[in-house]
Amino acid sequence: MPNIPNASNQDKSPTALTDKTTVRRLLRQRRRSLSDYQQRQAAKKLARRLKKVIPANARHIGLYFPADGEINPLVFGEAVRDKHQIYLPHMLNGNHLIFSEFGRHKGLVKKRFGLMEVSRPTFRQPHRLDIVLMPLVGFDKHGHRLGMGGGFYDRTFAYLTGNTWQSKPQLIAVAHHVQAYPELPTEAWDVPVDMVVTDRHIIRCQPQAFRKV
């Protein structure tokens with residue numbers, strides 16, 4: 001299992017830090033520049049594409065509450081709620097994620113980093129989910145994902161890297177198409193995703209993705 005450092009010591013190289021910081025700033029600015037109308041339209045288009053690629057037997061799906069211009073996966077979640085159980089991430093021990101059931105009668109509270117969490121959580125371990133939709137800052141044509149730099153998803157799903165006995169959940173990174181970048185730097189601790197889906201693109205990163213759930 002890769003040792004994934006915390007955000008405070010993730011990039012020792014000043015050059016690497018500057019490059020990542022610059023790319024993050026650029027791509028965050030792109031997604032924040034979208035109007036409310038563009039955000040709503042993108043969320044609807046994303047939902048349609050997700051319906052095409054997510055298997056009907058994927059009963060337990062992790063989403064996230066959007067912030068900072070992130071594309072909204074909850075439009076998809078609301079559309080499939082009757083067929084799939086939806087979960088939101090919950091911070092565990094300050095550096096890992098666990099997921100909590102998100103139903104119509106569940107309230108939300110704002111926590112660390114502005115993360116919206118279910119107020120009275122019923123937890124489910126990450127490996128017991130079928131699909132997780134992950135936010136990102138940027139992606140490239142190879143399916144590499146650039147996150148916000150905290151490493152929460154990478155730490156949570158590090159057990160999937162090089163693992164032949166545990167394949168769940170399958171990971172889908174979701175974003176606006178404007179968050180595409182020619183080529184992103186990768187690190188040893190980056191957990192590869194199975195697919196990247198945007199309001200315009202479907203990029204299958206793993207040949208066996210979604211053959212079985």
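The values are calculated or read from the model by the stated rules, or taken from the named source; none is laboratory data. Model, not experiment: these values are computed from the prediction. Neighbour counts are summed over all protein chains in view; Cβ atoms, including those assigned to glycine, are modelled from backbone coordinates with ideal geometry.
See the values below:
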| quantity | calculated |
| --- | --- |
| Strands (runs of 3 or more DSSP E) wholly inside segment 29-131 containing at least 1 residues that are at pLDDT 90 or above | 60-62, 85-92, 96-101 |
| Test result for Thr198, within 23 Å of Pro126 (Cβ to Cβ), in contact with a helix residue (DSSP H, G or I) (Cβ under 8 Å, 6 or more places away or on another chain), modelled with pLDDT of 90 or more and among the hydroxyl-bearing types (Ser, Thr, Tyr) | no |
| When residues of segment 40-97 are limited to those that are under 13 Å from the mean Cα position of the chain (by Cα) and of a type in the set (Phe, Trp, Tyr), the one farthest from Val196 (Cα to Cα) | Tyr87 |
| Hits in segment 142-184 (condition: over 16 Å from Val196 (Cα atoms) and among the polar types (S, T, N, Q)) | Thr156, Thr161, Asn163, Thr164, Gln166, Ser167 |
| Scan of segment 132-157 for residues that are out of contact with any Pro (no Cβ under 6 Å at 6 or more places or on another chain) and part of a helix (DSSP H, G or I), ordered by number | Phe152, Tyr153, Asp154, Arg155 |
| Boolean, Trp165 is touching a helix residue (DSSP H, G or I) at 6+ places or on another chain (Cβ under 6 Å), over 19 Å from Arg30 (Cα atoms), at pLDDT below 90 and not charged (D, E, K, R) | no |
| Near pairs, Cβ below 9 angstrom, 6+ apart or cross-chain, from segment 138-156 (in contact (Cβ under 8 Å) with a residue 40 or more places away in the chain) to any residue that is hydroxyl-bearing (Ser, Thr, Tyr) and assigned to a helix (DSSP H, G or I) | Arg145/Tyr153; Gly149/Thr21 |
| Residue satisfying all of: in segment 174-194; assigned to a strand (DSSP E or B) and closer than 14 Å to Asp140 by Cβ; farthest from the chain's Cα centre (by Cα) among these | Ala180 |
